[in-house]
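> Sharing a structure with you now.
Every number here is computed from the coordinates shown, using simple stated rules; none is lab data. Fair warning: this is a prediction, and the values are worked out from it, not measured in the lab. Here the Cβ is made from the backbone with ideal geometry for all residues, glycine too, and neighbour counts use every protein chain on show.
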Number of protein chains: 2
Amino acid sequence: MGPPKKNRVTLQEVAKHAGVSRSTASLIVRNSPTISEATRKKVLASMNELGYVYDRVAANLRSQRSTTIGIIITDIANTFYSDLFIGIHEELEKEGYTGLLGTTFDLHSKQDRLISTMLEHRVGGIILVPVSGNGQETAERLQKLDIPVVLTVRELPESDFDYVGVDYSEGTQLIINHLIDKGHRRIAFIGGRVESSTWTERMKGFRLAHEGKELHMDDSLVFPGAINKQAGIEAAEELLKQHQDHLPTAIFCFSDLVAFGVILGLRRAGIAIGKDIEVVGFDNVPESEIVQPPLTTVSSFARQIGTEAANLLQRRITNTGKKTEKIIIQPELIIRDEK
Amino acid sequence: MGPPKKNRVTLQEVAKHAGVSRSTASLIVRNSPTISEATRKKVLASMNELGYVYDRVAANLRSQRSTTIGIIITDIANTFYSDLFIGIHEELEKEGYTGLLGTTFDLHSKQDRLISTMLEHRVGGIILVPVSGNGQETAERLQKLDIPVVLTVRELPESDFDYVGVDYSEGTQLIINHLIDKGHRRIAFIGGRVESSTWTERMKGFRLAHEGKELHMDDSLVFPGAINKQAGIEAAEELLKQHQDHLPTAIFCFSDLVAFGVILGLRRAGIAIGKDIEVVGFDNVPESEIVQPPLTTVSSFARQIGTEAANLLQRRITNTGKKTEKIIIQPELIIRDEK
DNA sequence: CTGAAAGCGCTTACAG
DNA sequence: CTGAAAGCGCTTACAG
């Protein structure tokens, strides 16, 4: 943990140097309006001269406040999540909060450890993207906390938390309807953990779109899996193996990241994306515009989710009583490279 | 900042509940070996029952230690930096540190504010990607700190800090030599801030490669700029406008992110990437494999930089005296889609 | 505005 | 192992 540090200039020393009391100096760092401009300037000058750094940690300990927020997401290397993080971070910064970031990589053990670490560091609240799968114990643990928790992206089963997310069912219907309207009849669904709300909701939309168009849904074309590029590559290979004599004409991917893997896997097998098979994604990450052909996808407005989640958490911190809020953002179909 | 919180279970209460002294309880949370197994179990049981959460902040204040590290990078939405962050974070986690993340977006004002915030939160050290441009005041400020600072990716001019980076000159030579060997004679250089060490070093490599092959270097083909997709798009447009009757045959981009923008800009102008003009990048971000044609680039091993930086910082925290270390990682040419 | 006192939750140091 | 005391750097509350 490193050796003890010394030599921090204290408020006491500043006060002495400026010839005022510690109380006055304390009022000044906290921007109290009761202090005359003259003494304020004098004290600020002393701070500058001595190189004073406000000890927010000590202040928070004494006043039982917190200026840090725990942010627990799945994978910062996924631009969906880095955008989400930026949204959260920018909003928190405005209010003077600092974020403690942790990534779970969708592992329960990491999530548990991160929550503990955040609590030990006295965060004033937590914004969490829960890991996929049964979150019963996690939900119970979070309910007991005496700090507010806002969930984003995924909900926790059978629990009642503040939540900001996207209407995944609606988003999936939008894009599947689009595919069907283009003439596709056999559509695969690749990626996502069946235990997570984000998968079941997409599945619901997938089914609804099929039913709405009175189309048969082929369960053998559904390939759940992890939500990253590698999983996409593997799923594409598996799909090709299982259905080589009767390939689907379109593939709906759980996320753009999965779609990139699928595209890579298909390409390696010599399949022409956009001609032999159409691939679509979900999230509208910046890279979806760069791949060739550009990816048709659904925007899930990661950044906006972040902003809303941060605001919701702030409201909850200052206003602890009320009923939980659920903010559901409406997704938007992003059609690319249509001729 | 939120209202005061109450009801935190203290070590005192745990001690009372378990029938031991506060000192004993304190020794137990710190894993002292002098405590008998029986009392340890008894106390741990009490902690569990009462829902005790160790207050690391209070402990750190008293013992004048820190378990947090400030991490200041440029832009987490750039996968180069998110990879760097993951490398840092995983390494710090092993040693029980928590990271405070801030992003500067290459702005001096943000950087200054972030450093202040980190100090106020009593970080035990800082890992910093300095913003481009004159860093004289920043360097002086950092030198005065009584906590260790490790720079990564970019160095600060005329200063002596611990540093982990890549041999950008060598990387640039590798890829420019490759282009020249393929027959290219007019090569543009797009992106990067001329005030930053990362640009001057690439420029050095760019020049050396030309000189080595006894080739004329055309300064009018050098387009410095920001390091993101949008800047790449704009630079590509500018390049096309200025050199429409005599286009370069290849474009070396400051980073993959810039390359993606350039590719987009050229494509919009109807230029066939890989045929009319060859585009190459720097960093080898995951997406470089997905674009079509796949991007030839130079791997700068972001994750490894992160790991090394975190390790270097830890060494510095425990071993404050020694001379500064400079760790330069050798880049690797990644050739893609060669027929 | 000052000044003295108490306290946030812990660790430290020490006599027993 | 215990127990009492002091202190990390701040804020709080209050009498003056």
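> If a paramagnetic tag sat 7 Å from the Cα of B:T318 along the Cα-Cβ line, which residues of the range B:94-128 would have the backbone N under 18 Å from that point?
Correct set: B:94-98, B:124-126.
> Mind listing which GluC sites (Glu not before Pro) in the range B:280-329 are in a DSSP loop and have 14 or fewer other Cβ atoms within 10 Å?
Passing sites in the range B:280-329 are B:E325.
> Run the simple label-point estimate for B:E170 and B:K213 please: 7 Å along Cα→C-beta, distance reported in nm.
According to this spin-label approximation, the distance is 2.1 nm.
> Could you tell me which residue in chain B puts its beta carbon nearest the axis mapping B onto A, with the distance rounded to whole Å?
Its Cβ sits closest to the axis: B:Q292, 2.
> Suppose only helical runs count, i.e. DSSP H with n ≥ 4. What mean residue ellipticity at 222 nm does that imply for chain A under -39500 (n - 2.57) per run, divided by all residues and rounded to the nearest 500 deg cm²/dmol?
-14000 deg cm²/dmol
> On to the next question. Straight-line reach from B:K275: which aspartates and glutamates have Cα under 15 Å away, leaving out those fewer than 8 places along the same chain?
B:D337, B:E338
> Roughly what would the spin-label model give for A:Q292 and A:R336, points 7 Å off Cα along C-beta, in nm?
The modelled label-to-label distance comes out at 1.3 nm.
> May I pose another question? Which distances in nm, rounded to one decimal and ordered from shortest, link the label point of A:N134 to the equivalent label points in the other identical copies, with labels set 7 Å from Cα toward Cβ?
6.3
> Inter-copy label distances at A:E332, 7 Å along the Cα→beta-carbon direction, one decimal in nm, shortest first?
4.1
> Averaged over its residues, how many other protein chain Cβ atoms are within 10 Å of peptide A:249-260's Cβ atoms?
Average neighbour count from other chains, rounded to a whole number: 1.
> Got the relative contact order for the range A:11-54 handy, in percent, Cα pairs under 8 Å and 6 or more residues apart?
44
> Can you flag which of A:K110/A:K204; B:K204/B:K323; A:K213/A:K241; A:K204/A:K326; A:K144/A:K322 are past 22 Å Cα-Cα?
Exceeds cut-off: A:K110/A:K204; B:K204/B:K323; A:K213/A:K241.
> Based on the alpha carbons, how large is the Rg to Rh ratio for the range A:11-54 when Rh follows Kirkwood?
Radius of gyration relative to Kirkwood radius: 0.90.
> Choose one of B:V280, B:Q304, B:P293: the residue whose Cα lies farthest towards the positive end of the charge dipole of the range B:261-339 (beta-carbon charges +1 Lys, Arg; -1 Asp, Glu; about the Cα centre).
B:Q304
> Which whole-Hz ³J(HN,Hα) couplings does the range B:283-295 yield from phi under the Karplus relation 6.51 cos²θ - 1.76 cosθ + 1.60, θ = phi - 60°, glycine and proline marked x?
Residue by residue, the range B:283-295 yields 2, 6, 6, x, 5, 5, 8, 8, 4, 10, x, x, 7 Hz.
> Quick one: pull the percentage of alpha-carbon pairs in the range B:168-299 with a separation above 17 Å.
Value for the range B:168-299: 51 percent of Cα pairs lie more than 17 Å apart.
> For the range B:78-182, which trypsin sites (Lys or Arg not before Pro) pass both filters: DSSP loop (anything but H, G, I, E, B) and at most 15 other C-beta atoms within 10 Å?
Taking the range B:78-182 and a limit of 15 other Cβ atoms within 10 Å, the loop trypsin sites (Lys or Arg not before Pro) found are B:K182.
> Continuing with this model, one more query. Taking 8 Å as the Cα distance limit and 6 or more residues as the minimum spacing, I'd like the relative contact order of chain A as a percentage.
The normalised contact order for chain A reaches 17 percent.
> Here's a follow-up. Which number do you get for Rg(Cα) / (2.2 N^0.38 Å) in chain A?
Dividing the Cα Rg of chain A by 2.2 N^0.38 Å gives 1.26.
> Moving on. Based on alpha-carbon atoms only, what is the radius of gyration of the range B:1-105 relative to the globular estimate 2.2 N^0.38 Å?
Dividing the Cα Rg of the range B:1-105 by 2.2 N^0.38 Å gives 1.43.
> Then there is this: In nm, to one decimal, how far is the A:D245 label point from the A:S220 one, both placed 7 Å along Cα→Cβ?
According to this spin-label approximation, the distance is 1.0 nm.
> Would you kindly work out, in nm and rounded to one decimal, the distances from the label point of B:K275 to those of the same position in each other copy, ordered shortest first, with label points 7 Å along Cα-to-Cβ?
1.3
> Return A:D181, A:D146, A:D256 ranked ascending by Cβ neighbour count within 10 Å, so the fewest neighbours appear first.
A:D181, A:D146, A:D256
> In straight Cα distance, which lysines are under 17 Å from B:K42, not counting same-chain residues fewer than 8 positions off?
B:K42 reaches B:K16.
> Counting other beta carbons within 10 Å of each residue's own, what order do A:T172, B:T318 fall into, fewest first?
Lowest to highest Cβ neighbour count: B:T318, A:T172.
> Tell me, in nm to one decimal, what length is gained between B:I271 and B:E49 on full extension, where the rule is 0.36 nm per residue of separation less the Cα-Cα distance?
73.1 nm
> Tell me which residues come under 5 Å, amide H to amide H, from A:V150 once H is placed; ignore anything under 5 positions away on its chain.
Amide H to amide H, under 5 Å and 5 or more residues apart or across chains, A:V150 pairs with A:I126, A:I127, A:L128.
> Another one. Trypsin sites (Lys or Arg not before Pro) within the range B:14-81: which are DSSP loop residues with at most 11 other Cβ atoms inside 10 Å?
The qualifying sites are B:R30.
> I would also like to ask the following. Rounded to the nearest 20 debye, what is the charge dipole size of the protein assembly as shown about its Cα centre when +1 sits on each Lys and Arg Cβ and -1 on each Asp and Glu Cβ?
3100
> Follow-up. Give the average over all directions of the projected area of the C-alpha convex hull of the protein assembly as shown, one decimal, in nm².
Its average projected convex-hull area is 34.6 nm².
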